[in-house]
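The values are calculated or read from the model by the stated rules, or taken from the named source; none is laboratory data. Remember, predicted model here, so these are calculated numbers, not experimental data. Positions of Cβ are backbone-derived with ideal geometry, glycine not excepted, and every protein chain shown enters the neighbour counts.
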């Protein structure tokens, strides 16, 4: 890709001139200055210096303890420490937690029989330059939204692309304008902070400009196909802060294992390196390399795609996109409410997890499956067709009835994994949950056997349904998904699979042999009817 | 000419379909709940990864079984190790001790159990009676109520935007003028849009509250749903009424700002006059009372804005 510096600079100057023209032009510089100067100059030891919680005390509180700062006298039901004396007159602390200050004060008159030592290392927190990087990056989301979508809605993008500049020069120029402004503002604020002695110079200064630079590149990539300012703003405002935060948190976690690992994460690594979290040059240089490379790749992809005015670009075949999309959406819808509470147990509070409502989880999942199914099918011209929502022929009900015992048997197959989250997923469709479970099953059918199967065919429908709904019983799940998909394909309707799945939850259990025989019988009958149907008219939908 | 109810139903279906077709609308309506629940899940995930096992590290020479029995009642096991301090530092145990030294990371409840046991061997010293109880969902009514109120408030603001935006957009692209040519009264056109916007909003808001209840527990869930629905229905009506004869090309921003201010004024009225909070839609968000009065008032707001639309022209 050829980039001529004069053209790139010309595009950058044009963008900056447009944004800063007239009275409104003063807003962006004012906001930048108004936020960055206080952040750079305000006098505080640490931006992350959180106040300690107050210790609530009750009962026969010793006078010395009452004089401790950061304490509050309250009643016994809400206190952290309730003081009493036992029959020997010894002080007893009925305590939920005891701060070091209280322990030290009580032990000062006699040698302590127990010595409490906190072996935790002080959590490393980033310095104020992290805030400067975040402000410089966040303020630019409006300008990023304006950059390409604004040109597109004003119908000037075509003119620019028809001019004697390449796509790459256009994208690089627009990136230079806003990345340059953000990087310069952050660097000037950091220099001001150093001059005032608020933060010491260090390698972090090198990583600082890369945060707004990569954020702008990411923002331009996200809005590259947005057709107007509203669409661009919605994407930029919604996604950029979330990506900055999430990548920063992940980099912080990885950095806890090894700073090199954290630094290698694009954007998040540079953000924390800019915050001076890690000592030495190595993490800073690595973060600059990974973030800079990512920004370059994003700009290259953006310049490749901006020519497609109305069309969203697609790198993958339709079926693969539906498989990945439907599986990811399905997992989010099904696993988050159903298995999510298990995280409370994993985080150390199993009592809280056990008290959460499984019925609410079912209702939430069912409703979100319905939203997903109707939302996706609304993009087509015929919603009922997109969801296979039509009456099946009479001949399809017999195989449907015969499949039910086999489905029942398969659904009851014990899970292969039995940790807390897997058990929650396995038990979520238990008939004891009543209406919630039944509505959930119907919604799942509408999503997997309705939308996914119709859109992307049986293999995608079966695989995504198995991965999402039966992660703990993959083999039985594959058979269940295949049987239900077969019913939907055979009948060209989602109703038989809905009915079969619904009824299988309450079916009378048969032996494996009986279930298999019934299923095979159903298969033979349906093949018979299917061949008769074929003689009348060729199938069209599938 | 079709009967009025079926005409409204058909227009409503068409409006719902147009709203669902706009990916931006669905993404925006899913975003508040995705953000709140996603944040909670990530936070819990991070805590789950970093929290040590339910173990207390003891020296390999430890033989006293009484402590083990005490900890077992709290589902905590003793883990003999040559380096109790190292085990705690490496997050293999929540606490550990070696003679009279108790090692911890921060101040976990396990520390109090071990310390109380060791202090009980020295009855002349002050003693500890640990008060250990894991939080149950009903112990944390504030968090669930606050988050559900915040999420419902965001949906109420979306209600204003969608209520106003539907009319403004349709006026600008000519859809509204075409519908005015239909043999149906104009209030039917407004009613269909209000119903469509309300159904789409509540269709996202109610599962959002179910999801929050599944993950963090929302006290008085069904009351919260009712008050949330009342706020959304009212906000849609306010948006519809505020846009009047304006379109996106003729003073949309000012009208929208006015509608958002009216919504906020309702909320403020409930804060300033506490007696109004349980009955006034939007102000009633987070209340535990029955939501019938706010819902009735929301319907009255809607009727007012729908019949006000009868006076609007198509230009």
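Return the residue satisfying two criteria in turn: it lies in segment A:120-146 and is in a loop (DSSP other than H, G, I, E, B) and surrounded by 17 or more Cβ atoms within 10 Å (Cβ to Cβ), and of such residues it is farthest from the other protein chains (Cβ to nearest Cβ). Within segment A:120-146, the match that is farthest from the other protein chains (Cβ to nearest Cβ) is A:128. Restricted to segment B:138-215, the set of helices (runs of 4 or more DSSP H) holding at least 1 residues that are closer than 25 Å to residue A:372 by Cα comprises B:141-172, B:186-215.
Taken together, A:361, A:346 contain a single residue that is in contact (Cβ under 8 Å) with a residue 40 or more places away in the chain, within 7 Å of chain B (Cβ to nearest Cβ), within 21 Å of the chain's Cα centre (by Cα) and more than 25 Å from residue A:452 (Cβ to Cβ), which is A:346. Please go through segment B:111-130 and pick out each residue that is more than 7 Å from chain A (Cβ to nearest Cβ), buried (at least 21 other Cβ atoms within 10 Å of the Cβ) and farther than 12 Å from residue A:116 by Cα. Correct list: B:113 only. The sole residue among A:202, A:180 that is at pLDDT 85 or above and either over 31 Å from the mean Cα position of the chain (by Cα) or over 24 Å from residue A:263 (Cα atoms) (or both) is A:202. Test each condition in (1) touching a helix residue (DSSP H, G or I) at 6+ places or on another chain (Cβ under 6 Å); (2) without any contact (Cβ under 8 Å) to a residue 12 or more places away in the chain for residue A:147 and report the one that comes out false. Unmet condition: (2). Within segment A:437-456, identify whether any single residue is in a loop (DSSP other than H, G, I, E, B), farther than 14 Å from residue A:365 by Cβ and either without any contact (Cβ under 8 Å) to a residue 24 or more places away in the chain or more than 26 Å from the chain's Cα centre (by Cα) (or both), and answer yes or no. Scanning segment A:437-456 turns up no residue that is in a loop (DSSP other than H, G, I, E, B), farther than 14 Å from residue A:365 by Cβ and either without any contact (Cβ under 8 Å) to a residue 24 or more places away in the chain or more than 26 Å from the chain's Cα centre (by Cα) (or both). Strands (runs of 3 or more DSSP E) fully within segment A:66-108 that include at least 3 residues being within 8 Å of another protein chain (Cβ to nearest Cβ) and surrounded by 14 or more Cβ atoms within 10 Å (Cβ to Cβ): A:91-95. Just one of the listed residues (B:96, B:86) is free of Cβ contacts under 8 Å to residues at least 12 places away in the same chain and surrounded by 15 or more Cβ atoms within 10 Å (Cβ to Cβ), and it is B:86.
One line per residue, one yes/no per condition, for (1) within 30 Å of residue B:164 (Cα to Cα); (2) surrounded by 17 or more Cβ atoms within 10 Å (Cβ to Cβ); (3) in contact with a helix residue (DSSP H, G or I) (Cβ under 6 Å, 6 or more places away or on another chain):
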{"position": "B:11", "(1), (2), (3)": "yes, yes, yes"}
{"position": "B:21", "(1), (2), (3)": "yes, no, no"}
{"position": "B:35", "(1), (2), (3)": "yes, no, no"}
{"position": "B:66", "(1), (2), (3)": "no, no, no"}
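Any residue at all in segment B:2-19 that's more than 8 Å from every other protein chain (Cβ to nearest Cβ), in contact (Cβ under 8 Å) with a residue 24 or more places away in the chain and closer than 30 Å to residue A:245 by Cα? Looking for residues that are more than 8 Å from every other protein chain (Cβ to nearest Cβ), in contact (Cβ under 8 Å) with a residue 24 or more places away in the chain and closer than 30 Å to residue A:245 by Cα, one finds none in segment B:2-19, hence no.
For every residue, the table says whether it meets (1) surrounded by fewer than 21 Cβ atoms within 10 Å (Cβ to Cβ); (2) modelled with pLDDT of 90 or more; (3) assigned by TED's automatic domain parsing to the domain that holds residue A:449; (4) not in a helix (DSSP H, G or I).
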site: A:316; (1), (2), (3), (4): yes, no, no, yes
site: A:327; (1), (2), (3), (4): yes, yes, yes, no
site: A:369; (1), (2), (3), (4): no, yes, yes, no
site: A:372; (1), (2), (3), (4): no, yes, yes, no
site: A:381; (1), (2), (3), (4): yes, no, yes, yes
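For segment A:238-260, give me each residue that is over 21 Å from the mean Cα position of the chain (by Cα), away from chain B (no Cβ under 13 Å) and either surrounded by fewer than 24 Cβ atoms within 10 Å (Cβ to Cβ) or in a loop (DSSP other than H, G, I, E, B) (or both).
Correct list: A:258, A:260.
Under the condition of being within 30 Å of residue B:86 (Cβ to Cβ) and more than 8 Å from chain A (Cβ to nearest Cβ), which residue from segment B:37-53 is surrounded by the most Cβ atoms within 10 Å (Cβ to Cβ)? Only one residue fits best here, namely B:52.
Quick one: is residue A:431 modelled with pLDDT of 90 or more and surrounded by fewer than 24 Cβ atoms within 10 Å (Cβ to Cβ)? Taking the combined requirement at face value, the residue does not satisfy it. The set of residues from segment B:217-242 being surrounded by fewer than 24 Cβ atoms within 10 Å (Cβ to Cβ), outside any helix (DSSP H, G or I) and facing chain A (nearest Cβ under 8 Å) is empty. Beta carbons closer than 6 Å, at least 6 apart along the sequence or on distinct chains, pair a first residue in segment A:366-395 that is closer than 16 Å to residue A:455 by Cβ and facing another protein chain (nearest Cβ under 10 Å) with a second that is modelled with pLDDT under 80 and assigned to a helix (DSSP H, G or I) for A:375/B:26. The residues listed here are A:292, A:275, A:280; of these, the one that is closer than 20 Å to residue A:190 by Cβ and modelled with pLDDT of 90 or more is A:292. Can you tell me which residue in segment A:270-295 is surrounded by the fewest Cβ atoms within 10 Å (Cβ to Cβ), limited to those that are without any contact (Cβ under 8 Å) to a residue 24 or more places away in the chain and outside any loop (DSSP other than H, G, I, E, B)? It comes out as A:282.
Quick check on residue A:423: is it surrounded by fewer than 24 Cβ atoms within 10 Å (Cβ to Cβ), part of a helix (DSSP H, G or I) and free of Cβ contacts under 8 Å to residues at least 60 places away in the same chain? For residue A:423, the condition - surrounded by fewer than 24 Cβ atoms within 10 Å (Cβ to Cβ), part of a helix (DSSP H, G or I) and free of Cβ contacts under 8 Å to residues at least 60 places away in the same chain - is met.
Is it true that residue B:190 is more than 9 Å from every other protein chain (Cβ to nearest Cβ) and modelled with pLDDT of 95 or more? In short, no.
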